[in-house]
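A short worksheet on the structure shown next.
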Amino acid sequence: MLEIKNVSKTYPGGTQALNDVSFSIPDGQFLAVIGLSGSGKSTLLRCINRLIEPTAGEIIWNGVNMVPLPENEMRLYRRKIGMVFQNFNLVARSSVLTNVLSGRLGYINPAWSLINRFSKEDYRDAMLQLERVGIADKANQRADELSGGQQQRVAIARAMMQNPEIMLADEPVASLDPVLAHSIMQYLEKINQELGVTVICSLHFLDLVHRYADRVVALNEGKVVFDGLPAEIDDAKFKDIYGRDAERVG
Amino acid sequence: MKKEKNSILKSLRVALIIIGLVVFYAIGFSVTKVNLSETKSPTRQTQLVRIIRALFNPDLVTYDKVSTEVKSSVQVPCKEKEIIPIPAEESDGPYLVLSSNCLNAGESVTVEGYNFPPLESQFVQFVPPNGVKLKFAEASTDRDGYFKTEGVIPKNRESDDPQTIQVTTTAYAGNIRPSQTVRDTWNKIVETLFLALLSTTVGCILALPLSFFAAKNLMEKVKSDFISISLTLFLIPIGFYIGIKLASLISGQINRFAMQGWILIVSTILAGAAVYLLIRWLFNRESAADNGNSAKQLLMLAKAALGFLFVSFLYLLANSMMAIGTQLNISLGVFGFLGSFIEDLGEILEMIIPLLLGFSIAFLFSSWGSRLGKHLIKKVAPGTTRILSTLFAIIAYAAIALLLMGILNWLYLFKNPRIYLHYPALIGGAIGLILSLLHKPDEEMKIGNAVYFITRMIFNVLRSIESLVMVIVFVVWVGIGPFAGALALALHTIAALGKMYSEQVENILDGPLEAIQASGANLLQQIVYAVVPQIIPPYISFTLYRWDQNVRTSTVIGFAGGGGIGFLLQQNINLLNYRAASVQMIAIAIVVSLMDYLSGYVRNKIV
């Protein structure tokens, strides 16, 4: 159970990205976060694993409030929270295998990772994850030689190396074409359904939301404007979320 | 009306600006002592022309010459007006025609020369029977190789034997080859290139780790609570001191055995093998991860043993390198320099082991300090923690103040212990007290920003001192020569590369860094896995650029005694030997443009 209580975030420039956001996510849910660009979706996801520090509020995971934790303890929680990004965020010049292995960094002794040493189990695990996303044959290529869809699969494999209980996905398919988008979403669905990983995914397209999400939270200017089932989004709700002038497409 | 007023004001402003600029440049002219009449003075102009001609006539080649002596005999004194026949005209070789062959001392005689090399100075000599060559007359040949001059027969050279008037001419005889200047210049250019290479390498190695401390995007993430910072601040110097002492202890123990020859080398290999095996064992243990208390103690013990073994191994390695180097230096003959290189490397290793150990133990102590601080915050009652925090802060800032004052005391030699002990301790303690009252023990401080600021400041100060100035200090330390130049250039390179590197770190893509951070990696791992792969290409490019720049600088560093080609150039300029100086200038131009081209090519290939 992940509870988000009264979380606000104001950036140093004065922009308020999140304004008193509260909701809770039961384990094993596939939650979609929707909203316009700049509505605070990315900030919300990054507040959960504290890549961005919330200015106020609590984020309670299994009874522990993670907001006041010092960096070295936060690390231990962070490794149980996988994350994939819109721009994949692979290390371009490193090999696919190294990128996947770097998902283990939170678990191993930092001194060993300095000399680029991972255990045999980690190597086996990494190859297994790559096989699961179907690109084991690319393990020794440089990450930037792969296509966008392949890169996102590597990113999922990297996140899965953390053995996560929560998977944060920040617009994972926004840079991909519709066919690839579905294949990536299906991986996330598989992780959610087969391994019971809670997935929190921000999305642009409503059809993806209808197809994959158990529940939707919509943000507008940092506030929760909708929290419910995907099927409940009718035209009135749609206009609340995306503004008066918005037209439904697709 | 209003508009007009505005335009008047506008033109007035423009006029004022123009007048101001004129005054400004007038001051500039007078300050730089612009003296146009000097440029027109004929003596200066002839000097200028001479230098320019010399510079355009570099002393590049030398060739064999044959000198022939063209003689004509005379009778001094002229006893019987006896006529010695004047040699018949020869059509091809050079010959002399005298107005008379029978002369008395003090009489003048006209000397005409035919078929000499055209447009050259010729020196006419008078040679009495004892063979001494006396200066007689001087002339220049015309286009046809003809000259005519007049000389006076010297006194006190009367003899019964015929005497000689002769001209020595030299002629080109083939076997053209580079001149001595060219060979000297080549040697010095090689020296210059290696000087630049060494200083760039050393600068690059040291700038690499330092650059991370000067990168804002990394350093602003470094935070710690107040109490841990206080603890770390005084534990770091203590750790460093202990490390250096420990190193000298270990090296003393090793030197007591006074191992030599094969025994030394075998024990080095054994120590290396032991280190390797222990690391492997530790790695397997760690991944097995059984968390019993005794197992943990065993691991701790093993790590301590590993540290000790590793330092011993390094000392043994240094000793064997020195021993091997000395041996090779003797036995390799011409390639003895390879031996002395290994010897020097061993010596460098021996010099840096104490520093390495000092830094490692300081690092260890600092991590213990911050762990202790976190433990105190969590487990101890807040009141006690507050008191302890105040106490630690007083000790820490007093220690820092004492350390800083110790450096100043070394520089200025204060004799009064009050100045270098009591006052700084009091002031530092007071600062610590005030800070501890202002900040709660668990308050997060952005300590990284302070590190960033200090590193940047050191880089900027070092960078602003030209290596040409630095070399003066190093010349005093290690003597005139390329070594002083290499040290000065290296120091300057650390600062320059450190700044350039850190700017590259600041320019990396945030995404991968964010992703690695999200996986639970700590800062060190984030640097290794997300920052380093991104900065390798710009680092290589900047290092090459810096080498190129160091070659340029090392061409002038010799002016201040730093060795390299500048040394030769300055010597030749001081000796007014402009033809040789010209060779060196050409060499510099060739090398600099070649380096420029080459580094550009390699940079294009890599990036």
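The values are calculated or read from the model by the stated rules, or taken from the named source; none is laboratory data. Values in this document were obtained by computation on a predicted structure and should not be read as measured data. A quick note on method: Cβ atoms are made from the backbone with ideal geometry, for glycine too, and the neighbour counts reach across all protein chains shown. Quick note on the areas: whole protein, heavy atoms, side chains included, nothing else; ligands and nucleic acids left out. Shrake-Rupley method; radii C 1.70, N 1.55, O 1.52, S 1.80 Å.
Name every residue in region B:214-231 that is open to solvent by 40 Å² or more (accessible area, probe 1.4 Å) and outside any loop (DSSP other than H, G, I, E, B), in order of residue number.
B:Lys216
Which one of the conditions (1) more than 9 Å from chain B (Cβ to nearest Cβ); (2) over 30 Å from A:Ala246 (Cα atoms) does A:Ile4 fail to meet, given that it meets all the rest?
(2)
Looking only at residues that are hydroxyl-bearing (Ser, Thr, Tyr) and surrounded by fewer than 19 Cβ atoms within 10 Å (Cβ to Cβ) in region B:570-607, which one is nearest to the chain's Cα centre (by Cα)?
Selected residue: B:Ser593.
Give region A:89-119 a look and list any residue that's within 8 Å of chain B (Cβ to nearest Cβ), within 13 Å of A:Ala143 (Cβ to Cβ) and open to solvent by less than 40 Å² (accessible area, probe 1.4 Å), or say none.
Once the filter is applied, which keeps residues that are within 8 Å of chain B (Cβ to nearest Cβ), within 13 Å of A:Ala143 (Cβ to Cβ) and open to solvent by less than 40 Å² (accessible area, probe 1.4 Å), region A:89-119 yields A:Asn89, A:Leu90, A:Val91, A:Ser94, A:Thr98, A:Ser102.
Could you run through region A:172-206 and say how many residues are outside any helix (DSSP H, G or I), of a type in the set (A, V, I, L, M) and open to solvent by less than 30 Å² (accessible area, probe 1.4 Å)?
Within region A:172-206, residues that are outside any helix (DSSP H, G or I), of a type in the set (A, V, I, L, M) and open to solvent by less than 30 Å² (accessible area, probe 1.4 Å) number 6.
Which residue, of B:Ile516, B:Ile527, B:Ile586, is touching a residue at least 60 places away in the same chain (Cβ under 8 Å) and within 30 Å of A:Lys80 (Cβ to Cβ)?
B:Ile527
May I ask you to verify whether B:Phe212 is within 14 Å of chain A (Cβ to nearest Cβ), under 30 Å from B:Gly383 (Cα atoms) and aromatic (Phe, Trp, Tyr)?
When the stated conditions are applied, B:Phe212 does not pass them.
So, in region A:6-18, exactly how many residues are out of contact with any Ser or Thr (no Cβ under 6 Å at 6 or more places or on another chain) and open to solvent by less than 60 Å² (accessible area, probe 1.4 Å)? Break it down into steps so the answer makes sense when it comes.
Of region A:6-18, the ones out of contact with any Ser or Thr (no Cβ under 6 Å at 6 or more places or on another chain) are A:7, A:11-15.
With the extra rule that they be open to solvent by less than 60 Å² (accessible area, probe 1.4 Å), the set shrinks to A:7, A:14.
Residues flagged as out of contact with any Ser or Thr (no Cβ under 6 Å at 6 or more places or on another chain) and open to solvent by less than 60 Å² (accessible area, probe 1.4 Å) within region A:6-18 amount to 2.
Are any of the residues in region B:493-512 without any contact (Cβ under 8 Å) to a residue 24 or more places away in the chain, within 14 Å of chain A (Cβ to nearest Cβ) and under 22 Å from A:Asn72 (Cβ atoms)?
Within region B:493-512, one or more residues are without any contact (Cβ under 8 Å) to a residue 24 or more places away in the chain, within 14 Å of chain A (Cβ to nearest Cβ) and under 22 Å from A:Asn72 (Cβ atoms).
Any residue that is over 48 Å from the mean Cα position of the chain (by Cα) and of a type in the set (D, E, K, R) - is there at least one of those in region B:28-37?
No, the conditions are met nowhere in region B:28-37.
Take the residues in region A:126-151 that are away from every other protein chain (no Cβ under 12 Å), in a helix (DSSP H, G or I) and open to solvent by less than 60 Å² (accessible area, probe 1.4 Å); name whichever of them is nearest to A:Ile191 (Cα to Cα).
Of everything passing the filter in region A:126-151, A:Gln129 is nearest to A:Ile191 (Cα to Cα).
Taking A:Ala246, is it open to solvent by 80 Å² or more (accessible area, probe 1.4 Å) and farther than 25 Å from A:Asn49 by Cβ? Reasoning before the result, please.
Working: open to solvent by 80 Å² or more (accessible area, probe 1.4 Å): no; farther than 25 Å from A:Asn49 by Cβ: yes.
Criteria not met by A:Ala246.
Taking region B:395-410, which residues are touching a residue at least 24 places away in the same chain (Cβ under 8 Å) and more than 17 Å from B:Met445 (Cβ to Cβ)? Full working, then the answer.
The first filter runs over region B:395-410 and keeps only residues touching a residue at least 24 places away in the same chain (Cβ under 8 Å), leaving B:395-403.
Once the filter is applied, which keeps residues that are touching a residue at least 24 places away in the same chain (Cβ under 8 Å) and more than 17 Å from B:Met445 (Cβ to Cβ), region B:395-410 yields B:Ile395, B:Ala398, B:Ala399, B:Ala401, B:Leu402, B:Leu403.
State which residue is nearest to A:Glu145 (Cα to Cα) when the search covers only region A:36-88 and only residues that are away from chain B (no Cβ under 12 Å) and open to solvent by 60 Å² or more (accessible area, probe 1.4 Å).
Ranking the candidates gives A:Ser37 first.
List the pairs whose first member sits in region B:532-544 and is touching a residue at least 24 places away in the same chain (Cβ under 8 Å), whose second member is among the aromatic types (Phe, Trp, Tyr), and whose Cβ atoms are under 7 Å apart, counting only residues at least 6 apart or on separate chains?
Pairs found: B:Tyr539/B:Tyr501; B:Phe542/B:Tyr501.
Those residues that are more than 30 Å from B:Leu282 (Cα to Cα) and free of Cβ contacts under 8 Å to residues at least 12 places away in the same chain, I need them from region A:112-164; list them, please.
Those that are more than 30 Å from B:Leu282 (Cα to Cα) and free of Cβ contacts under 8 Å to residues at least 12 places away in the same chain: A:Glu131, A:Ala136, A:Asp137, A:Glu145, A:Ser147.
Every residue in region A:221-250 that is assigned to a strand (DSSP E or B) and touching a Phe, Trp or Tyr at 6+ places or on another chain (Cβ under 8 Å), please.
Once the filter is applied, which keeps residues that are assigned to a strand (DSSP E or B) and touching a Phe, Trp or Tyr at 6+ places or on another chain (Cβ under 8 Å), region A:221-250 yields A:Val224, A:Asp227.
Against the conditions (1) within 14 Å of chain A (Cβ to nearest Cβ); (2) within 28 Å of the chain's Cα centre (by Cα), where does B:Ala486 fall short? Just the number, please.
(1)
Every residue, every condition in (1) closer than 26 Å to B:Tyr95 by Cα; (2) open to solvent by less than 10 Å² (accessible area, probe 1.4 Å); (3) of a type in the set (S, T, N, Q); (4) not assigned by TED's automatic domain parsing to the domain that holds B:Asp92, yes or no:
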position: B:Glu158; (1), (2), (3), (4): yes, no, no, no
position: B:Leu197; (1), (2), (3), (4): no, no, no, yes
position: B:Ser211; (1), (2), (3), (4): no, yes, yes, yes
position: B:Leu233; (1), (2), (3), (4): no, no, no, yes
